[in-house]
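Visitor: There's a structure below that I have some questions on.
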Amino acid sequence: MASTRALDGLTIVFDLDGTLVDTAPDLIGALNHTLTTSGLGTVPDIAVSELIGSGAKAMIKAGLAHQNAELPDDHIDDMFTTFLDFYIENIAIDSRPYEGCEAALSRLTSAGATLAVCTNKRQNLADTLLLKLGLADRFEAIVGADSVPNRKPDPGHISEAIRRAGRSQSDAIMVGDSLTDERAAHGAGLPFILCPFGYGPVDETPPGHRFVLKRYADLTVEMALQITEAYAATVSRDTSDV
């Protein structure tokens with residue numbers, strides 16, 4: 001049994017969409033509203049779910065491609081504005097934290113961990129979503145894509161989230177659902193916890209050290225300790241082999 005403050009000094013950084021919160025219903029709802037506003041048909045969830053972490057424009061372009069529709073860039077820019085206007089008004093209609101997520105966050109903070117969010121969502125959207133879901137106060141820092149010079153997979157995005165949380169990058173873990181998150185974690189020199197229940201996509205051959213979280217009930221204090229210890233041991237072996 002881990003001590004009650006076993007995670008003092010540890011920072012756990014979470015991705016948002018597909019990691020903390022299942023945001024697909026409202027994002028795809030905004031996409032389909034945008035498409036129908038332009039006189040097009042809707043698209044099934046599976047056509048765009050893997051692009052959720054890539055931003056609204058990527059989803060719009062995928063929606064157009066699914067219907068073999070080609071539109072000029074200025075029209076896509078107008079669709080992007082329509083998407084954002086609709087989404088921010090409907091950002092938390094059906095989006096919900098994943099089962100067990102809130103209990104896991106409580107366990108980690110009670111054990112002394114500092115929590116942060118590093119997301120490729122725009123800052124105002126991330127802030128609004130977490131506030132509406134009652135999650136914002138759980139995090140010492142929330143850093144959106146437009147709050148840094150370069151977003152994930154640039155490792156500097158994670159580094160900035162840790163810095164704003166007032167912690168050290170030398171003792172941190174990244175939790176995410178995609179290869180984008182994993183590459184950023186690897187570049188920042190952090191162990192990575194994959195959430196396979198998210199949106200992906202994920203490379204079958206990970207770029208770094210990967211641990212898998214099948215459900216939030218498994219994200220315990222003991223698991224966090226085991227990951228940091230296993231990662232430190234692996235890095236030590238890798239360094240000694242150089």
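Visitor: Return one quarter of the surface area of the convex hull spanned by the alpha-carbon atoms of the range 172-215, equal to its mean projected area, in nm².
Guide: If you wrap the Cα atoms of the range 172-215 in a convex hull and average its projections, you get 2.7 nm².
Visitor: Before rounding to the nearest 500, sum -39500 (n - 2.57) across all DSSP H runs of length at least 4 in the chain and divide by the residue total; then give [θ] at 222 nm in deg cm²/dmol.
Guide: -13500 deg cm²/dmol
Visitor: So, one more: With a cap of 15 neighbouring Cβ atoms within 10 Å, and only residues DSSP puts in a loop, list the trypsin sites (Lys or Arg not before Pro) found in the range 160-230.
Guide: Hits after loop and neighbour filter: K214, R215.
Visitor: Now a separate question. Classify the range 112-188 as rounded, prolate or oblate from the Cα gyration tensor: take a ≥ b ≥ c as the square roots of its eigenvalues, call it rounded if a/c is under 1.5, otherwise prolate when a/b beats b/c and oblate if not.
Guide: oblate
Visitor: Between A69 and N124, 0.36 nm times their residue separation minus their Cα-Cα distance comes to what?
Guide: 16.8 nm
Visitor: Show the residues, 5+ positions off or on another chain, whose built amide H is closer than 5 Å to the amide H of R122.
Guide: So R122 has HN proximity to A145.
Visitor: What's the ranking of 127-133, 192-198 by average number of surrounding C-beta atoms within 10 Å, highest first?
Guide: The densest-packed peptide leads the list: 192-198, 127-133.
Visitor: Let me ask something additional. Roughly speaking, what is the centre-to-centre gap between the range 1-67 and the range 137-158 when only Cα atoms are used, to the nearest Å?
Guide: A separation of 16 Å, based on Cα centres.
Visitor: Loop sites only, by DSSP: take the GluC sites (Glu not before Pro) in the chain that have at most 11 other C-beta atoms within 10 Å and name the longest stretch containing none of them.
Guide: Segment 71-203 is the longest.
Visitor: Show the residues, 5+ positions off or on another chain, whose built amide H is closer than 5 Å to the amide H of V21.
Guide: Here the answer is Y98, since their amide H atoms fall under 5 Å of that of V21.
Visitor: While we're here: Figure the gain on full extension for E229 and N90 (residue separation times 0.36 nm, minus the Cα-Cα span) and round it to one decimal in nm.
Guide: Full extension from E229 to N90 adds 45.9 nm.
Visitor: Working out 0.36 nm times the residue gap between T81 and S170, then minus their Cα-Cα distance, what length gain in nm do you get to one decimal?
Guide: Between T81 and S170, full extension yields an extra 28.1 nm.
Visitor: Out of the DSSP beta bridges found with both residues in the chain, what percent are antiparallel (nearest 5)?
Guide: For the chain, the DSSP antiparallel bridge percentage is about 10.
Visitor: Next up: Quick one: putting +1 on the C-beta of Lys and Arg, -1 on the C-beta of Asp and Glu, what dipole do you get for the chain around its Cα centre, in Debye to the nearest 20?
Guide: Roughly 580 debye for the chain.
Since every read-out is calculated from the coordinates, none of them should be taken as a lab result. Only a predicted model underlies this, so the values are computations on that prediction, with no experimental measurement involved. Every residue, glycine as well, gets a Cβ built from its backbone with ideal geometry; the counts of neighbours run over all protein chains shown.
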